[in-house]
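*Asks:* Got a structure for you, questions after.
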Amino acid sequence: MLKTERKLIDFIEKHMLIFQMFLVSALALYIRRIPIWWNTDDVAAYFDFHENCTQSGLYYLLVRAVQYLPMLPVHSIKWISVIGDFGTAVLCLLLVQGKNRDNRLLQVFCYTLCLFSPVMFLRGVAWAQIDSFAVMLFLLGWLLWEKNIRIVPGVCMLLSALLYPCMLFFVFWFLWSRREEMKESTFWIGNLGFLSVWLILCGLVFLPLEKSFSEGLKNSLAWLTYDPVTGQSFATGLDWVLEMLVTLGLPGSVIGGLEFVRRQRKVSAFAVLLVHFLITVLFGSRMF
Amino acid sequence: MDKITKKNFRAIIATISAAGLILRFIGFPFESVDYEQCLSSWTEQLKAIGNISAVSAFAGDYNYPYISILYFLTLLPIPSLYSIKMVSVLFDFLEAGLLSATAMHVAEDDRRYGLGAIAYALVLFNPLAVLNSGYLAQCESIWTALGLLSFYLVIVKEKPGWGMFAFGMAIAMKLQAVFILPILLVFYFYKKKFSILHMLWIPVAIEVLCLPAIIGGSGWDSAISQYLHLLGEYPFLFYYYPNIWTFFREAPYYVFGTAAILFTFVTLLLFAVLFIKSGKKFYMQNYVQYAAWTAMTCTMLLPCMHERYNYMAEMLLPVSAIFDKKLRIPALALILISVQCIGQQFLAWAPVSYYALAAGNIIVYFYFTAHCLGGLYREYRKNEGMTAC
């Protein structure tokens with residue numbers, strides 16, 4: 001082997017993880033450029049504010065706001081999801097770092113797996129959904145909570161749940177899993193307070209959209225009852241289950257994956273891969 | 001295994017070889033769809049022109065080295081059906097011999113004869129090898145054998161120049177031989193024993209194998225132009241191999257094809273980083289296992305995979321399972337799924353849903369992935385003195 005070659009390989013090996021991060025980031029951005037111009041058949045239904053729509057009021061305000069940008073609104077939404085993808089990946093790395101400070105390999109691998117998760121890729125830039133942006137806000141709140149900050153994480157999680165209402169379950173799960181860090185009364189008051197503020201904001205956010213406060217309240221839980229595309233109630237229980245898996249798929253994958261890595265749960269990597277793949281197949285069955 | 005001496009070993013190999021040959025001869029009269037529709041008409045065209053220019057005049061979807069072989073076979077007074085199959089069968093023996101020799105490197109003592117005999121038998125009696133060469137007149141054994149030759153020369157014998165020349169020959173025969181490249185590159189990076197300049201033998205080997213076409217009138221860039229012509233020929237995510245894309249066959253290739261290729265690249269990148277960072281001491285059986293995994297990763301994640309393209313992993317995984325009991329059932333499952341896939345495609349067997357076959361393949365692949373990468377990661381943690389939190 002040539003001397004220069006060996007020096008180069010040694011240099012790459014020494015900084016392998018940094019190179020990996022840069023390369024993976026560049027490739028992740030590159031593959032997200034490609035589906036920008038492609039859309040699923042049902043994409044319009046997520047934007048048209050039809051009766052019994054399940055997207056949140058904050059989401060529709062965002063859609064209105066991006067009309068002022070010099071690009072197609074659906075492209076703007078897709079690029080917001082790309083920001084969410086990268087933000088989620090960075091926050092996953094930081095959250096893993098919190099529990100595994102010396103394990104740089106694990107941190108970088110989590111970043112890579114997050115960015116190249118087919119669930120993230122399909123749901124965001126391919127399907128024009130901004131679940132990852134909501135998850136990013138949730139993870140930001142989680143990270144700040146671990147740094148013993150209390151108000152700002154609450155605001156982050158509130159925004160997350162306002163943008164994507166199903167995140168409310170994950171907020172309650174988060175608070176439940178940390179109930180031992182607070183007094184019982186604080187725990188219950190905190191939960192009720194969060195829920196109340198969230199409901200009020202759901203109603204208020206509908207007012208600029210020329211809709212009533214009560215419609216906003218109804219919309220906050222519409223995702224539990226109505227099909228997002230047709231606005232009709234679910235025909236069968238199976239339809240409901242599948243739609244809930246689609247709705248909760250991305251946040252569930254990310255948060256579940258984080259828990260798996262941070263707490264080293266007794267769940268095999270094989271099971272994690274399989275579940276992730278099944279969610280991807282479910283997305284694919286809706287999109288193609 | 002303890003009782004197999006060198007003398008016994010030769011007798012056992014001879015017996016296995018004879019049995020393997022008989023199994024293949026049984027299938028010789030069978031004319032597959034590919035033979036009827038492609039190989040036989042190509043052979044007739046080559047015969048009709050009657051000289052070396054027939055190779056450069058060829059307009060089908062195979063590369064020039066294989067067409068050169070077909071041309072030279074037309075000069076023999078043997079029906080093309082048998083001569084084409086005989087070439088593939090010869091390479092069956094080469095790949096069995098190479099994997100046997102590799103397996104024998106695992107142990108230094110007399111156990112190596114037993115290991116070698118078992119590996120030889122596993123390859124030669126592999127139903128996919130028998131079907132592919134003896135029945136279907138396909139050429140998977142040719143590029144696989146040459147790819148395994150490059151693996152043997154680079155990793156086992158540490159002769160990188162010859163190894164890269166063999167690799168060049170392999171990809172000259174068929175581009176799918178590139179599936180052996182990941183393990184070669186990881187070995188190069190990890191061992192730091194040979195220069196990347198040895199890869200310059202690859203284009204030399206390709207040009208050498210394309211000499212008949214060049215003599216027949218093609219340009220010096222004929223190999224490259226043929227590859228470029230073939231690369232975009234089948235723009236489908238799913239192309240009859242039951243991999244992950246079976247579940248996304250309606251997805252447009254022009255949107256998701258590049259993503260598929262980059263997903264594969266990143267998966268292999270993660271493996272490479274884990275391999276190097278693990279600090280593990282690697283033995284020959286580890287290299288065989290990882291070669292099987294990297295080859296299978298390419299077939300499972302890349303788009304446009306034909307049902308034969310996992311051939312290399314299907315030969316490597318059973319041999320790897322000799323040394324790792326946990327891989328025996330996955331190896332068996334993989335072989336059975338692939339046999340069913342080939343059978344229903346070419347031998348009019350009762351069809352099984354591609355979704356079911358793909359589900360089986362995915363379970364095997366995920367298990368294999370968790371086994372390989374999980375093992376490397378545990379080794380990394382052990383060497384870094386980390387414990388689970």
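*Asks:* Within the set of pairs 6 or more residues apart or between chains, which connect a residue that is under 22 Å from residue B:269 (Cα atoms) and in a helix (DSSP H, G or I) inside the range A:20-49 to a residue that is at pLDDT 95 or above and of a type in the set (Asp, Glu) with Cβ atoms less than 8 Å apart?
*Replies:* A:28/A:85; A:32/A:85
*Asks:* A follow-up question, please. Could you check, for the range B:84-101, whether at least one of its residues is of a type in the set (Lys, Arg), over 19 Å from the mean Cα position of the chain (by Cα) and on the phi < 0 side of the Ramachandran plot? First the steps, then the outcome.
*Replies:* Initial filter on the range B:84-101 (of a type in the set (Lys, Arg)): B:85.
Checking the rest, the ones that are also over 19 Å from the mean Cα position of the chain (by Cα) come to none.
Scanning the range B:84-101 turns up no residue that is of a type in the set (Lys, Arg), over 19 Å from the mean Cα position of the chain (by Cα) and on the phi < 0 side of the Ramachandran plot.
*Asks:* Looking at (1) in a helix (DSSP H, G or I); (2) among the aliphatic types (A, V, I, L, M); (3) more than 16 Å from residue A:114 (Cα to Cα), which is the only condition residue A:255 fails?
*Replies:* Residue A:255 satisfies all of (1) in a helix (DSSP H, G or I); (2) among the aliphatic types (A, V, I, L, M); (3) more than 16 Å from residue A:114 (Cα to Cα) except (3).
*Asks:* How about the range B:360-383: which of its residues are of a type in the set (Gly, Ala, Ser) and at the interface with chain A (Cβ under 7 Å from one of its Cβ atoms)? Spell out the reasoning first.
*Replies:* Filtering the range B:360-383 down to residues of a type in the set (Gly, Ala, Ser) leaves B:360, B:370, B:374-375.
Matches in the range B:360-383: B:370, B:374.
*Asks:* Now for a separate question. Of the residues in the range A:91-126, how many are outside any helix (DSSP H, G or I) and either away from chain B (no Cβ under 12 Å) or in contact with a Cys (Cβ under 8 Å, 6 or more places away or on another chain) (or both)? Steps first, answer last, please.
*Replies:* Let us first name the residues in the range A:91-126 that are outside any helix (DSSP H, G or I), namely A:100-103, A:116-117.
The next check asks that each one be either away from chain B (no Cβ under 12 Å) or in contact with a Cys (Cβ under 8 Å, 6 or more places away or on another chain) (or both); those that pass are A:100.
Here the count works out to 1.
*Asks:* Related question: Just a yes or no: is a residue in the range A:156-166 of a type in the set (Gly, Ala, Ser) and at pLDDT 95 or above?
*Replies:* Residues of the range A:156-166 that are of a type in the set (Gly, Ala, Ser), as a first pass: A:160-161.
Applying the additional criterion that residues be at pLDDT 95 or above yields A:160-161.
Yes, there is a match, as at least one residue in the range A:156-166 is of a type in the set (Gly, Ala, Ser) and at pLDDT 95 or above.
*Asks:* Separate question: Counting only residues that are free of Cβ contacts under 8 Å to residues at least 24 places away in the same chain and in a helix (DSSP H, G or I), which one in the range B:99-113 is nearest to residue B:148 (Cα to Cα)?
*Replies:* So in the range B:99-113, the residues free of Cβ contacts under 8 Å to residues at least 24 places away in the same chain come out as B:104, B:107-109, B:112.
The next check asks that each one be in a helix (DSSP H, G or I); those that pass are B:104, B:112.
Working: B:104: 15, B:112: 19 Å.
Residue satisfying both the conditions and the ranking: B:104.
*Asks:* Further question on the same structure: Within the set of pairs 6+ apart or on separate chains, which have a first residue in the range B:251-276 that is facing another protein chain (nearest Cβ under 7 Å), a second that is among the aromatic types (Phe, Trp, Tyr) and in a helix (DSSP H, G or I), and C-beta atoms under 7 Å apart?
*Replies:* Listed by first residue and then by second, the contacts come to B:259/A:121; B:270/A:109; B:276/B:189; B:276/B:190.
*Asks:* Give the residues of the range B:353-368 that are surrounded by fewer than 21 Cβ atoms within 10 Å (Cβ to Cβ) and hydroxyl-bearing (Ser, Thr, Tyr), sorted by residue number.
*Replies:* Residues satisfying the conditions are B:353, B:354, B:355, B:367.
*Asks:* Given the conditions (1) out of contact with any helix residue (DSSP H, G or I) (no Cβ under 7 Å at 6 or more places or on another chain); (2) under 25 Å from residue B:101 (Cα atoms), and given that residue B:221 satisfies all but one, which numbered condition is not satisfied?
*Replies:* Only one criterion is unmet by residue B:221, namely (2).
*Asks:* Of the numbered conditions (1) at pLDDT below 90; (2) under 24 Å from residue B:136 (Cα atoms), residue B:20 fails exactly one; give the number of that condition.
*Replies:* Just one mismatch for residue B:20, condition (1).
*Asks:* Out of all the residues in the range A:168-214, which are aliphatic (A, V, I, L, M), over 30 Å from residue A:65 (Cα atoms) and outside any loop (DSSP other than H, G, I, E, B)?
*Replies:* So in the range A:168-214, the residues aliphatic (A, V, I, L, M) come out as A:168, A:171, A:175, A:182, A:189, A:192, A:195, A:197, A:199-201, A:204-205, A:207, A:209.
Now narrow it down to the ones that are over 30 Å from residue A:65 (Cα atoms): A:175, A:182, A:189, A:192.
Result: A:175, A:189, A:192.
*Asks:* Name, by its number, the condition in (1) in a helix (DSSP H, G or I); (2) on the phi > 0 side of the Ramachandran plot that does not hold for residue A:231.
*Replies:* Of (1) in a helix (DSSP H, G or I); (2) on the phi > 0 side of the Ramachandran plot, only one is false for residue A:231: (1).
Residues are listed down the side, and each one gets a yes or a no for (1) outside any loop (DSSP other than H, G, I, E, B); (2) over 18 Å from residue A:128 (Cα atoms); (3) within 14 Å of another protein chain (Cβ to nearest Cβ); (4) touching a strand residue (DSSP E or B) at 6+ places or on another chain (Cβ under 7 Å):
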residue: A:242; (1), (2), (3), (4): yes, yes, no, no
residue: A:246; (1), (2), (3), (4): yes, no, no, no
residue: A:249; (1), (2), (3), (4): yes, no, no, no
residue: A:262; (1), (2), (3), (4): yes, yes, yes, no
residue: A:277; (1), (2), (3), (4): yes, yes, yes, no
residue: A:283; (1), (2), (3), (4): yes, no, yes, no
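*Asks:* Something else about it: Return only the number of the condition from (1) in contact with a helix residue (DSSP H, G or I) (Cβ under 9 Å, 6 or more places away or on another chain); (2) of a type outside the set (Lys, Arg); (3) exposed (fewer than 13 other Cβ atoms within 10 Å of the Cβ) that residue A:38 does not satisfy.
*Replies:* (3)
*Asks:* If you check every pair at least six apart or on different chains, which have Cβ atoms under 8 Å apart with a residue in the range B:68-89 that is touching a residue at least 24 places away in the same chain (Cβ under 8 Å) first and a residue that is assigned to a helix (DSSP H, G or I) and basic (Lys, Arg) second?
*Replies:* B:74/B:47; B:85/B:24; B:89/B:24
*Asks:* Out of curiosity, is residue B:119 at pLDDT 95 or above and in contact with a Leu (Cβ under 8 Å, 6 or more places away or on another chain)?
*Replies:* Spelling it out, residue B:119 is indeed at pLDDT 95 or above and in contact with a Leu (Cβ under 8 Å, 6 or more places away or on another chain).
*Asks:* Could I ask something else about it? So how many residues does the range B:1-52 have that are among the β-branched types (Val, Ile, Thr) and in a loop (DSSP other than H, G, I, E, B)? Give the steps one after another, and end with the answer.
*Replies:* The initial filter retains those residues of the range B:1-52 that are among the β-branched types (Val, Ile, Thr), namely B:4-5, B:12-13, B:15-16, B:22, B:26, B:33, B:43, B:49, B:52.
Subsequent filtering for residues that are in a loop (DSSP other than H, G, I, E, B) retains B:4-5, B:52.
Looking only at that region, the number is 3.
*Asks:* Look through A:68, A:30 and report the one residue that is away from every other protein chain (no Cβ under 14 Å) and out of contact with any Phe, Trp or Tyr (no Cβ under 8 Å at 6 or more places or on another chain). Step through it out loud before you land on a result.
*Replies:* On the way: A:30 fails: away from every other protein chain (no Cβ under 14 Å).
Sole residue among the options that is away from every other protein chain (no Cβ under 14 Å) and out of contact with any Phe, Trp or Tyr (no Cβ under 8 Å at 6 or more places or on another chain): A:68.
*Asks:* Please identify the pairs in which a residue from the range A:162-180 that is touching a residue at least 60 places away in the same chain (Cβ under 8 Å) and loosely packed, with under 14 Cβ neighbours inside 10 Å has its Cβ atom under 8 Å from the Cβ atom of a residue that is part of a helix (DSSP H, G or I) and of a type in the set (S, T, N, Q), counting only partners at least 6 apart or on another chain.
*Replies:* Pairs that qualify, where the first residue is touching a residue at least 60 places away in the same chain (Cβ under 8 Å) and loosely packed, with under 14 Cβ neighbours inside 10 Å and the partner is part of a helix (DSSP H, G or I) and of a type in the set (S, T, N, Q): there are none.
*Asks:* Residue A:1 fails exactly one of the following numbered conditions: (1) within 14 Å of another protein chain (Cβ to nearest Cβ); (2) more than 19 Å from the chain's Cα centre (by Cα); (3) within 30 Å of residue A:205 (Cβ to Cβ); (4) surrounded by 12 or more Cβ atoms within 10 Å (Cβ to Cβ). What is the number of that condition?
*Replies:* All conditions are met except number (3).
*Asks:* Please report, ordered by residue number, the helices (runs of 4 or more DSSP H) entirely within the range B:154-215 with at least 1 residues that are within 14 Å of chain A (Cβ to nearest Cβ) and in contact (Cβ under 8 Å) with a residue 40 or more places away in the chain.
*Replies:* Values: elements: B:160-173, B:181-191, B:201-209, B:211-215.
Helices (runs of 4 or more DSSP H) meeting the threshold: B:160-173, B:181-191.
*Asks:* Go through the range A:18-27 and report how many residues are within 11 Å of chain B (Cβ to nearest Cβ) and either more than 25 Å from the chain's Cα centre (by Cα) or surrounded by fewer than 12 Cβ atoms within 10 Å (Cβ to Cβ) (or both).
*Replies:* 2
*Asks:* Mind listing whichever residues of the range A:130-167 are assigned to a loop (DSSP other than H, G, I, E, B) and among the hydrophobic types (A, V, I, L, M, F, W, C)? Reasoning before the result, please.
*Replies:* Going through the range A:130-167, the residues assigned to a loop (DSSP other than H, G, I, E, B) turn out to be A:130, A:147-150, A:164-166.
Correct list: A:130, A:149, A:166.
*Asks:* Would you confirm, using the coordinates I've provided, whether residue A:80 is away from every other protein chain (no Cβ under 11 Å), among the β-branched types (Val, Ile, Thr) and touching a helix residue (DSSP H, G or I) at 6+ places or on another chain (Cβ under 9 Å)?
*Replies:* Working: away from every other protein chain (no Cβ under 11 Å): yes; among the β-branched types (Val, Ile, Thr): yes; touching a helix residue (DSSP H, G or I) at 6+ places or on another chain (Cβ under 9 Å): yes.
Criteria met by residue A:80.
*Asks:* Report yes if residue B:158 is charged (D, E, K, R) and closer than 21 Å to residue B:298 by Cα, otherwise no. It would help to see each step written out before you state the result.
*Replies:* Working: charged (D, E, K, R): yes; closer than 21 Å to residue B:298 by Cα: no.
In short, no.
The values are calculated or read from the model by the stated rules, or taken from the named source; none is laboratory data. None of the values given here were measured: they were computed from a predicted structure. Using ideal geometry, Cβ is built from the backbone for each residue, glycine included, and neighbour counts are taken over all protein chains shown.
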